[in-house]
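Enquirer: Let me give you the structure first, and then I'll get to my questions.
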Amino acid sequence: MLYYMYELNHAAIAPWRNAVNVGRYFWKNPANPMSSTQYARSITAPLDMFERLTRRYGKPEFGIDRTLVNGVEVPVEVTTVLKKPFCNLLRFERKFETKPRKSQRQKLLIVAPMSGHYATLLRGTVDDMLPYADVYITDWVDARQVPLAKGNFDLDDYIDYVIEMLQLLGPGSHVMAVCQPSVPVLAAVSLMSEDKDPNIPATMTLMGGPIDTQRNPTAVNNLAVERGTDWFKNNVIVKVPFPHPGFMRSVYPGFLQLTGFMTMNLDRHIDAHRELFWHMVEGDGDSAERHHDFYDEYMSVMDLTAEFYLQSVERVFVNHDLPNGTFNHRGRIVKPAAIKSTALMTVEGERDDISGLGQTEAAHDLCTGLKTKQRTHYVEPKVGHYGVFNGRRFQANIAPRIVDFIRSNMR
């Protein structure tokens, strides 16, 4: 019923949106002699705000077609190298004019979080790593777009996907997990190591992930423990309404996840939109554009399958299966101690309010088969969750350390 109310709300405000767009067109039209005046901007600013706050944001584009390698501009070709019902594996391949050196031929798999936002949230991460490797990224599919006939998708399937992708990349590749996928990526590498799979990655970088949420628990962690899996099942799991392709699939809807993200820092978002309003009134296009770029991405959300979401809540946040040694994959206990040849790097933000300080570092305590020289841990001072994998601090301080780590452990 909740999803139907959400869809009904969008339908109900559609006439108002049409009227607002007519007003925006009139006052912004260059043919209108008043379009460049402050009076016109004072009228269009609230219209623009209404349009943005009631818009249904679609999936953004990566928009990456070139990169700089040692100061030389290199074209980038984006292709889909693997198609699965719930995920496409994208390859960002650099097209060198001459044969690249060994250090430039590395393959990096970035496993994007399946937590409500699209993989394009990591656009900056991809862009910053492209000068050093061909980048592959998991482009998760919105669950409401997947017909029921395609089957279910749970945490075990997630791990299977990661293993299949690493096998596709072949020996000596590298894997980076951002936030939530730290758990399934660690599980996948553990299983591959125990099976002596020849395609085991050379390095594994875990960033801001909930390996052990018993350490320094955040408000997100405490909520999961206090409410329990049954509460989430009864209150946030809904059926996809008609006419979406995933009609009648049980999902955790993206709009609920976005609501949760927004309410965590509501004052900050209100202030940001207040500033946007005055930027538009004053004609400060650059500041308004930066706001638009961020929120166009932030407001674009996707649905998650109910089985994956509920398993993640129960096994990662409530029962703490991984640190307790009870995490299993299709009935088989996952043993991180089996990892012996995949070097491990963990990255955390000092002010991370989603994955608390120490939760990702806990991976080192589980991977007891690794030697000291195969381990690296880094904490970026004064950054929150998103600063761990995106933005100026990531580009200047974190990405270079990851690159050094990868190059030090190439096979």
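Enquirer: Looking only at region 366-375, which residues are assigned to a helix (DSSP H, G or I) and touching a residue at least 24 places away in the same chain (Cβ under 8 Å)? Spell out the reasoning first.
Expert: Applying the first criterion (assigned to a helix (DSSP H, G or I)) to region 366-375 yields 366, 372-374.
Within region 366-375, L366, Q374 qualify.
Enquirer: Moving to a separate point now. For the list (1) buried (at least 21 other Cβ atoms within 10 Å of the Cβ); (2) in contact with a helix residue (DSSP H, G or I) (Cβ under 7 Å, 6 or more places away or on another chain), I need the number of the one condition that N199 fails.
Expert: It fails just one condition, (1).
Enquirer: Quick check, is G63 part of a loop (DSSP other than H, G, I, E, B) and of a type outside the set (F, W, Y)?
Expert: In short, yes.
Enquirer: So A19 ticks every box in (1) modelled with pLDDT under 80; (2) assigned to a helix (DSSP H, G or I); (3) closer than 30 Å to V240 by Cα but one. Which box is left unticked?
Expert: Condition (1) is where A19 drops out.
Enquirer: Among the residues of region 376-398 satisfying the criterion of being hydrophobic (A, V, I, L, M, F, W, C) and without any contact (Cβ under 8 Å) to a residue 40 or more places away in the chain, which is surrounded by the most Cβ atoms within 10 Å (Cβ to Cβ)? Quick ask: steps written out before the conclusion?
Expert: Initially, region 376-398 is screened for residues hydrophobic (A, V, I, L, M, F, W, C), giving 379, 383, 388-389, 394, 396, 398.
Of the ones still in play, those that are also without any contact (Cβ under 8 Å) to a residue 40 or more places away in the chain are 379, 383, 396.
Working: V379: 16, V383: 23, A396: 11.
The residue in question is V383.
Enquirer: Answer with yes or no whether M49 is in a helix (DSSP H, G or I), within 30 Å of V251 (Cβ to Cβ) and free of Cβ contacts under 8 Å to residues at least 40 places away in the same chain. If you could, list the steps in order and put the result at the bottom.
Expert: Working: in a helix (DSSP H, G or I): yes; within 30 Å of V251 (Cβ to Cβ): yes; free of Cβ contacts under 8 Å to residues at least 40 places away in the same chain: no.
Considered against the rule, which asks whether it is in a helix (DSSP H, G or I), within 30 Å of V251 (Cβ to Cβ) and free of Cβ contacts under 8 Å to residues at least 40 places away in the same chain, M49 comes out as no.
The values are calculated or read from the model by the stated rules, or taken from the named source; none is laboratory data. What you see is a predicted model; the values in this text were computed from it and never measured. For neighbour counting, all protein chains shown are included, and Cβ atoms are generated from backbone atoms with ideal geometry for every residue, glycine included.
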